[in-house]
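*Asks:* Structure provided below as structure tokens; questions to follow.
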């Protein structure tokens, strides 16, 4: 998916404008949650997200979603990751 398609999808589903997020190479973030839903498009690098013991990897062009207060952990690839994230209350 490209950025234009992603932004159209966000608009259709009532998500606000996304912000760019960048994480460091080979970094990680332990279990945590957010007080909002997340929909994000990976624009560079890769990220692995683990929810309930199940890991999923996302690379450039992939979209990932997290539910409201969904507990998850993150790890970033050797190039780090850059993604556009929209947060819906």
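*Asks:* Would you pick out the residues in the stretch 21-31 that are surrounded by 11 or more Cβ atoms within 10 Å (Cβ to Cβ) and not in a loop (DSSP other than H, G, I, E, B)?
*Replies:* If the condition is that a residue be surrounded by 11 or more Cβ atoms within 10 Å (Cβ to Cβ) and not in a loop (DSSP other than H, G, I, E, B), then 21, 22, 23, 28, 29 are the ones that fit.
*Asks:* To continue, here is another question. Identify, please: which residue in the stretch 37-59 is farther than 13 Å from residue 72 by Cα and either part of a helix (DSSP H, G or I) or in contact (Cβ under 8 Å) with a residue 40 or more places away in the chain (or both) and is, among those, farthest from the chain's Cα centre (by Cα)?
*Replies:* Going through the qualifying residues, I end up with 43.
*Asks:* Please indicate, with yes or no, whether at least one residue in the stretch 5-13 is assigned to a strand (DSSP E or B), surrounded by 13 or more Cβ atoms within 10 Å (Cβ to Cβ) and in contact (Cβ under 8 Å) with a residue 24 or more places away in the chain.
*Replies:* No, the stretch 5-13 has no match at all.
*Asks:* Let me ask something additional. Among the residues of the stretch 74-89, which ones are out of contact with any helix residue (DSSP H, G or I) (no Cβ under 6 Å at 6 or more places or on another chain), assigned to a strand (DSSP E or B) and within 14 Å of residue 38 (Cα to Cα)? Before you say what the answer is, go through the steps one by one.
*Replies:* To start, the set of residues in the stretch 74-89 that are out of contact with any helix residue (DSSP H, G or I) (no Cβ under 6 Å at 6 or more places or on another chain) comprises 74-85, 87-89.
Right, trim to assigned to a strand (DSSP E or B) and you get 74-85, 87-88.
Residues satisfying the conditions are 74, 83, 84, 85, 87, 88.
*Asks:* Further question on the same structure: Which of the residues spanning the stretch 21-45 are touching a strand residue (DSSP E or B) at 6+ places or on another chain (Cβ under 6 Å) and either under 20 Å from residue 67 (Cα atoms) or at pLDDT below 95 (or both)?
*Replies:* Result: 21, 28, 29, 30, 31, 36, 37, 38, 39, 40, 41, 42.
The values are calculated or read from the model by the stated rules, or taken from the named source; none is laboratory data. In this text the structure is predicted, and so the values were computed from the model without any measurement. Heads up, the Cβs are rebuilt from the backbone with ideal geometry, glycines too, and the neighbour counts pull from every protein chain shown.
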